Amino acid sequence: MSVCEEIKRAERALLDGNLGSIFSIAKQSLLSGTPSIEWVRFALTCRDNGALDVSRQLLTAVTEADPANESGYYELAFIHRLNGEHREAVNLLRNALRTCKAATRSKIFLSHMLHAIGAHCDADEILMRTRASSIEESDQLDNMFAFGHYISKYPRGRALIMLDFLKTSYHWLETPALADQIMASVRDQRPFSLIRLGDGEGGMLTIDSKDEYLYRSLYNRNRQELIAMWFWHDFQWKNNGFIDLANDIFNLTDDYDVVGIPYEAWILHEYSIASLRGIPSLVNIYRYMISNKKNGKFAAKLHM
């Protein structure tokens with residue numbers, strides 16, 4: 001039976017929900033010498049269609065049948081990352097470095113997961129030993145160095161402390177209380193303004209020149225990613241006033257009745273996947289709000 005026919009059988013089994021058949025087909029295929037990369041590709045199809053457990057088991061079978069397949073370790077580690085299992089991802093990527101010729105991407109990914117578990121020295125050591133073979137890889141190394149520095153200064157525990165500080169320092173509104181205020185303003189025909197600050201706003205936020213310099217590669221990466229989602233990849237946003245315009249929303253926060261900021265479950269999710277964009281984008285909102293509170297610039301009501 002050809003590889004194409006084996007994959008088609010597995011696809012039919014996936015559609016039928018016959019997961020046991022998938023593993024049986026894959027195991028026989030791998031034992032017969034089918035290139036393991038074909039099953040890595042099928043595992044990614046399963047992952048992208050929401051069948052994470054199927055994908056995980058297939059990739060595990062690939063790493064056992066073909067320890068020299070770097071892609072198997074990398075993609076299996078990625079699933080562990082999505083599940084917040086950073087130590088498991090570290091172990092897999094270390095195995096990749098030991099058992100096969102690991103690509104630069106696996107070394108950068110390993111440093112990413114080491115930063116996620118707080119092993120910042122080990123992560124930086126790997127990055128310093130890694131040689132980039134392209135401008136893209138060089139940028140990825142710079143981004144990971146910056147991310148490691150950021151997450152070491154603002155770990156998850158500190159982010160939660162910052163959020164608690166905001167909740168106790170401002171007039172905090174839970175959803176029912178916020179709804180009451182909105183309805184009361186409608187009933188009384190009073191103006192009411194609410195602004196929601198999320199990862200997009202936080203990604204464009206400028207704290208100060210020193211902060212911009214320290215994390216310039218990470219911030220530029222994140223802003224480019226946001227710009228590509230909002231507009232297009234070629235949109236010109238540097239040195240033309242766009243960032244200043246984006247920051248105007250923060251300069252006017254004292255004029256709003258309620259300012260909505262990222263809630264606890266959201267920030268916890270970003271840390272659980274060690275998000276290069278989500279963590280600094282949300283934490284910087286907390287940093288800005290705390291700085292303005294200490295400076296006495298405004299005392300807005302907050303809502304998660």
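Only the coordinates and a few stated rules stand behind these numbers; no lab work does. Values in this document were obtained by computation on a predicted structure and should not be read as measured data. Because the Cβ atoms are built from the backbone with ideal geometry, glycine has one as well, and the counts that use them run over all protein chains shown.
When the helix-only estimate is applied to the chain (DSSP H runs of n ≥ 4, each -39,500 (n - 2.57), divided by the residue count), what is the mean residue ellipticity at 222 nm, nearest 500 deg cm²/dmol?
Using -39500 (n - 2.57) per qualifying helix, the result is -22000 deg cm²/dmol.
With 24 Å as the limit, write out which pairs from Lys210/Lys293; Lys210/Lys238; Lys238/Lys293; Lys153/Lys210 have Cα-Cα distances beyond it, or answer none.
Details: Lys210/Lys293 20 Å; Lys210/Lys238 18 Å; Lys238/Lys293 30 Å; Lys153/Lys210 14 Å.
Pairs exceeding 24 Å: Lys238/Lys293.
Mind checking the angle between helix 135-153 and the chain's longest principal axis? C-alpha axes, 0 to 90 degrees, to the nearest 10.
Result, in degrees: 60.
What spacing in nm lies between the two simple spin-label points modelled at Glu5 and Glu88, each 7 Å away from Cα in the Cβ direction?
In this crude label model, Glu5 to Glu88 measures out at 3.6 nm.
Can you give me the relative contact order of the chain as a percent, contacts being Cα pairs under 8 Å and 6 or more apart?
It comes to 17 percent, rounded to a whole number.
In debye, nearest 20: dipole of region 123-191 around its Cα centre with unit charges on the Cβ of K, R (+) and D, E (-)?
The calculation lands at about 280 debye.
If we count trypsin sites (Lys or Arg not before Pro) as exposed when they sit in a DSSP loop and have at most 14 other beta carbons within 10 Å, what is the longest stretch of the chain that avoids them all?
On the way: sites that count: Lys101, Arg131, Lys238, Lys297.
Answer from the scan: 132-237.
In whole Hz, what ³J(HN,Hα) sequence does region 220-236 give by Karplus (6.51, -1.76, 1.60; θ = phi - 60°), x for Gly and Pro?
5, 4, 5, 5, 5, 5, 5, 4, 4, 6, 7, 10, 7, 4, 8, 4, 8
Apply the Debye scattering formula to region 48-187, with a single equal point scatterer on each alpha-carbon and no solvent, then give log10 I(q)/I(0) at q = 0.09, 0.13, 0.16, 0.17 Å⁻¹.
Debye output, listed in q order: -0.42, -0.69, -0.87, -0.94.
Given a Förster distance of 51 angstrom, what is the FRET efficiency for Asp188 paired with Trp230, based on the Cβ-Cβ distance and rounded to 0.05?
0.90
If you average the C-alpha positions of region 95-127 and of region 131-175 separately, how far apart do those two centres end up, in angstrom?
19
Find which of Gly200, Ala77, Ile37 sits farthest along the positive direction of the dipole of the chain, computed with +1 on the beta-carbon of Lys and Arg, -1 on that of Asp and Glu, about the Cα centre.
Ala77
Compute the long axis of helix 104-116 from its Cα atoms, compare it with the longest principal axis of the Cα atoms of the chain, and write down the angle in degrees, 0 to 90, nearest 10.
50
For region 151-245, which GluC sites (Glu not before Pro) are in a loop by DSSP, counting at most 14 other Cβ atoms within 10 Å? It would help to have the intermediate numbers written out before the result.
Details: sites: Glu174, Glu201, Glu212, Glu225; in loops: Glu174.
Here the GluC sites (Glu not before Pro) that fit, given the DSSP loop and packing criteria, are Glu174.
Is the C-alpha gyration tensor of region 214-281 telling us rounded, prolate or oblate? Criteria: a/c under 1.5 is rounded; beyond that, a/b larger than b/c is prolate, otherwise oblate.
oblate
Region 1-44 to region 229-244: how many Å between their Cα centroids?
Between the Cα centre of region 1-44 and that of region 229-244, the gap is 44 Å.
Note the angle between two axes, namely the Cα long axis of helix 70-82 and the longest principal axis of the Cα atoms of the chain, as a number of degrees from 0 to 90, rounded to the nearest 10.
Taking Cα atoms only, the helix is inclined about 40 degrees.
If you plug each phi of region 42-53 into the Karplus form 6.51 cos²θ - 1.76 cosθ + 1.60 with θ = phi - 60°, what whole-Hz ³J(HN,Hα) values come out, in order, with x for Gly and Pro?
5, 4, 5, 4, 4, 4, 5, 9, x, 8, 5, 5
For Thr168 and Thr206, what is the calculated FRET efficiency with R₀ set at 30 Å and r taken between the beta-carbons, to the nearest 0.05?
After rounding to 0.05, the efficiency reads 0.65.
Which percent of Cα-Cα pairs in the chain sits in each 20 Å bin, short to long?
The percentages, shortest bin first, are 28, 47, 23, 2.
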